[in-house]
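Values in this text are rule-based calculations from the coordinates and carry no lab data. Everything numeric in this text was worked out from a predicted model, so none of it was measured. Neighbour counts are summed over all protein chains in view; Cβ atoms, including those assigned to glycine, are modelled from backbone coordinates with ideal geometry.
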Amino acid sequence: MAADLIAQAQAGDAEAFAAVIQPYRAELRVHCYRMLGSLQDAEDALQESLLAAWQGIGGFEARASIRTWLYRIATNRCLNASRSVARREWNIPHVTAPEPSRLGEIVWLQPYPDVLLGPEASYEQRESISLAFVTALQTLPPRQVAVLVLRDVLGFRAAEVAEMLDSSLDSVNSALKRARAALHRRRSDPLPTTDSAVENAVVARFVQAWESLDIDALVDLLTDDVFVSMPPVPFEYEGRDLVRQFCAAIFQAGRRFELVATRANGQPAFGAYLRGPNGISHGTGVYVLTLAGDRISAMSRFENSVLPWFGLPRSLPSRG
């Protein structure tokens, strides 16, 4: 049946082509996201890849599987993509940020909604799209990212990767060795099982502390080396004391929040809404939590422009 569909697509049947690529669309989007660190850029790369595949399907000779052929196209489209990321300034009105631990690398990073992974996503798939892993990938040279993802995440053979990248086997093996070494230095704790009792308990305590502005309860949930980042804003905060100051600045002057639960990158996440004087709460961003056992080891804040990707509104009505 697959061979028949491919033949029909090669004859110019658009519906047959759509049927051929449909089983791979979601995983190709995730692949582009791992490569680029941005859902927006991944969607653009995916569309360009599928257009290139449609235009090139007539030349597909089945020397490799259709999946491998599609990954070759998508990987090279991602390698051709580039983004110049400028530093952003602190953009939370009426809040003075404490002095950060450091100004982070200019890394373009956006969260990836779990709903796009599908309910069948395995633990291994969630781990390989965690914020820590995707962030680490963005610090590597693009070709090292491609090699490591194709080899270690997707399981392609070295010879297949060399052909995909029009490279030599030695070059692929060398790039993989360097990429693995770089990631080993950034290795993080494994994710808890999705919806585990531990995760649910931590999340419930976090929501209670955040919405009640209870700094002490919030800090009790944090690891000693907790890390807060706000890409693409370069401010980074490390350690309980600095994160306490950061949260105190956010909570100052009686600012009250509502959190709406979602999931991103296989991790618990929340749309954060600031309650206004008229009772309407306006979205200020999305927070993604990284857990280490029964503690929070990292929080990543993303701008409110990502709220619609999670099906979250820009504002919440007054509670009356």
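Side notes on the structure shown:
- Computed Kirkwood radius, in angstrom, where 1/r is averaged over Cα pairs of the stretch 1-82: 12.7
- Helix axis angle, 39-56 relative to the chain longest principal axis, alpha carbon, degrees: 10
- In this structure, ALA159 and GLU15 have a Cβ-Cβ separation that, at R0 = 41 Å, corresponds to a calculated FRET efficiency of about 0.75.
- Using C-alpha pairs below 8 Å separated by at least 6 residues, the relative contact order for the stretch 155-266 is 16 percent.
- Short-range pairs are left out: with C-alpha atoms under 8 Å and at least six residues apart, the relative contact order of the stretch 1-82 is 29 percent.
- For the pair ASP294 and ASN173, the difference between a 0.36 nm per residue extended length and the Cα-Cα distance amounts to 39.8 nm.
- Cleavage-rule hits, GluC sites (Glu not before Pro), the stretch 1-64, DSSP coil, Cβ neighbours within 10 Å at most 11: GLU61
- Using alpha-carbon coordinates, inclination of helix 197-211 to the longest axis of the chain, degrees: 50
- Packing around the peptides 215-221, 165-171, 258-264, taken as the average count of other Cβ atoms within 10 Å per residue, puts them in this order, highest first: 258-264, 215-221, 165-171.
- Cβ-Cβ FRET estimate between ARG143 and HIS282, R0 fixed at 45 Å, reported to 0.05: 0.60
- Computed on the chain, with alpha-carbon pairs under 8 angstrom and 6+ residues apart, the relative contact order is 17 percent.
- Taking the Kirkwood radius as Rh and the Cα radius of gyration as Rg, the stretch 192-318 has a ratio of Rg/Rh equal to 0.94.
- For the stretch 253-320, the Kirkwood estimate of the hydrodynamic radius, built from every pair of different alpha carbons, is 12.6 Å.
- Projecting the Cα atoms of SER196, GLN110, ALA182 onto the charge dipole of the chain, computed from C-beta unit charges around the Cα centre, puts ALA182 farthest toward the positive end.
- Given charges at beta-carbon only (K, R positive; D, E negative), |dipole| of the chain in Debye: 480
- Built amide H within the under 5 Å cut-off of VAL226, gap 5+: GLY239, ARG240
- Estimated 222 nm signal from helices in the chain, with DSSP H stretches of n ≥ 4 weighted -39500 (n - 2.57), rounded to 500: -13000 deg cm²/dmol
- The chain: angle of helix 240-251 to the longest principal axis, Cα-based, in degrees nearest 10: 80
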